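**Student:** I am attaching a structure below and will ask some questions about it afterwards.
What follows draws every value from the coordinates through simple rules; no lab data is involved. These numbers come from a predicted model, not from an experiment. Neighbour counts run over all protein chains shown; Cβ positions are idealised from the backbone, glycine included.
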Amino acid sequence: MSFSKQAKLVCQAQAAAAAAIFAVQFFALHTGPANAQVNAQNPTTQFAGTAPAPVAISAFAGAGSTAKPAAGTAPAAPAPAMPAACTTPAALTHFNRPLVHTMRRLANGQPLTIVAIGSSSTAGAGASSSAATYPSRLALELRSRFPGREITVINRGVNGEETNNMMARFEADVLAAHPQLVLWQIGTNSVLRDHPLNPHAVELHDGIERLKAAGADVVLIDPQFAPAVLAKSETQGMVEQIALAAKQENVALFQRFAVMRDWHDVQHLSFDAFVSPDHLHMNDWSYACLAKLLGGAIAEAATRPIAAAAVHPDTISAKPDIQ
């Protein structure tokens, strides 16, 4: 190659390098102020020692965004798959007994007080906030179904408690509120601790009798269908015991175990979709779905035609509801 051609190639390379440097400087000069302006218009304030507030997501939302990460960045961990809808067969949420005291209050336009007593899945273990617990969600569900009515749902759940512990709190935490409806979630902790079933059956019947004597409708809620519960040998026996007690005592039963089993075995939802990482407690989605299904069951049992006559002024019992 001649000297003139070599010199020409060197000059071309130097010119290309200079153009590249100029382009980088020009881009940095013009994009810096623009980015600063965008950040000033959309500030994000974080305080030392605190995490940014979580984004609120609908309880029945889908799996999440499908946006791809920018080139050169590590992809974020995928969000766990979430059910798209809250469904279950109607037979699993139908109450065999009408809620007469509840119906009377609603029919007469009087305030309705509901007490939810139970252990950690009533208190809300696994929920992201108190607003995501099933009693809080249930209050919203019932108010939407009965607009303009004064409906109060009181959460009396305490982590780790068993049936006898709850009964010891009946007077102060349940009866003192004069509820027309009591939701009693039971059985899980007794199973987890491998306690025998026979003593529990006696306590259960005694507790139901006390609540009925106070003039309240009673709905029993059985254990959750979750890996930690399924690992215990007495789980099925506990579910059957609670169902039998509800039948014998003529009270309603919400079949939480069967509902959650339907999600897993029939709808093929993974446990990650409706159980917390501890493999025991429910999560925001399942608490919301529980409240939706329970709200529907309560509304139907408190308005069904067969029980409507029982709350007509001419047929109401002489014994008034407790105020």
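**Student:** Can you compute 3J(HN,Hα) from phi for each residue in the stretch 169-178, using the Karplus curve 6.51 cos²θ - 1.76 cosθ + 1.60 with θ = phi - 60°, rounded to whole Hz and x for Gly and Pro?
**Tutor:** Per residue, the Karplus-derived 3J(HN,Hα) values read 9, 3, 4, 7, 9, 10, 5, 5, 7, 6 Hz.
**Student:** While we're on this one: Using a/c under 1.5 as the rounded threshold, could you call the stretch 242-307 rounded, prolate or oblate? The axes a ≥ b ≥ c are square roots of the C-alpha gyration tensor eigenvalues, and prolate needs a/b larger than b/c, oblate otherwise.
**Tutor:** Verdict is prolate for the stretch 242-307.
**Student:** Name the residues whose placed amide hydrogens come within less than 5 Å of the amide hydrogen of residue 282, ignoring near sequence neighbours (fewer than 5 apart) on the same chain.
**Tutor:** It is 276, by chain and number.
**Student:** In whole Hz and in residue order, list the ³J(HN,Hα) couplings for the stretch 179-196 that follow from phi through the Karplus curve 6.51 cos²θ - 1.76 cosθ + 1.60, θ = phi - 60°; x for Gly and Pro.
**Tutor:** x, 8, 9, 10, 9, 10, 8, 9, x, 5, 5, 4, 5, 4, 9, 6, 7, x
**Student:** What is the local net charge at residue 88, summed over the other residues whose Cβ is closer than 13 Å to its Cβ (Lys, Arg +1; Asp, Glu -1)? List each step's numbers first, then the result.
**Tutor:** Details: positive: 256, 261, 292; negative: 262, 265.
Net of charged neighbours comes to +1.
**Student:** Give me the percent of DSSP beta bridges within the stretch 90-311 that run antiparallel, rounded to the nearest 5. It would help to have the intermediate numbers written out before the result.
**Tutor:** Numbers: 1 of 20 bridges.
The antiparallel fraction comes to roughly 5 percent.
**Student:** Which of rounded, prolate or oblate describes the stretch 140-270 when judged by the alpha-carbon gyration tensor and an a/c cut-off of 1.5? Walk me through the numbers on the way to the answer.
**Tutor:** Working: a/c = 1.87, a/b = 1.20, b/c = 1.55.
It is oblate, given that a/c is not under 1.5 and a/b is not larger than b/c.
**Student:** Out of every Cα pair in the stretch 90-311, what percent are spaced more than 23 Å from each other?
**Tutor:** Values: 10309 of 24531 pairs.
Of all Cα-Cα pairs in the stretch 90-311, 42 percent lie more than 23 Å apart.
**Student:** Also: For residue 200, what is the net charge nearby, where nearby means another residue's Cβ is under 10 Å from its Cβ and Lys, Arg count +1, Asp, Glu -1?
**Tutor:** -3
**Student:** Turning to a different aspect of this structure: Quick check: Cα centre of the stretch 227-287 to Cα centre of the stretch 90-163, how many Å?
**Tutor:** Result: 18 Å between the Cα centres.
**Student:** Could I ask something else about it? Could you line up 264, 200, 279 from fewest to most neighbouring Cβ atoms inside 10 Å? The partial results should precede the final answer.
**Tutor:** Values: 264 18, 200 23, 279 14.
The order, fewest Cβ neighbours first, is 279, 264, 200.
**Student:** Around residue 218, which amide H atoms from residues at least 5 apart in sequence, or from another chain, sit under 5 Å from its own amide H, with H modelled in the peptide plane?
**Tutor:** 182, 252
**Student:** Please quote Rg/Rh for the stretch 155-213 to two decimal places, taking the Kirkwood radius as Rh and restricting both calculations to Cα atoms.
**Tutor:** Radius of gyration over Kirkwood radius for the stretch 155-213 works out to 0.96.
**Student:** Would you kindly derive the ³J(HN,Hα) couplings of the stretch 250-257 from the backbone phi angles with the Karplus curve 6.51 cos²θ - 1.76 cosθ + 1.60 (θ = phi - 60°), listing them in order in whole Hz, with x for Gly and Pro?
**Tutor:** 6, 10, 7, 10, 9, 7, 4, 4
**Student:** Using a cut-off of 11 Å between beta-carbons, work out the net charge of the residues near residue 190 (Lys and Arg +1, Asp and Glu -1, residue 190 not included).
**Tutor:** Computed value for this residue: -3.
**Student:** Once amide H atoms are placed 1.01 Å from N in the peptide plane, what residues at a sequence separation of 5 or more from residue 149, or on another chain, have their amide H within under 5 Å of its amide H?
**Tutor:** Correct list: empty.
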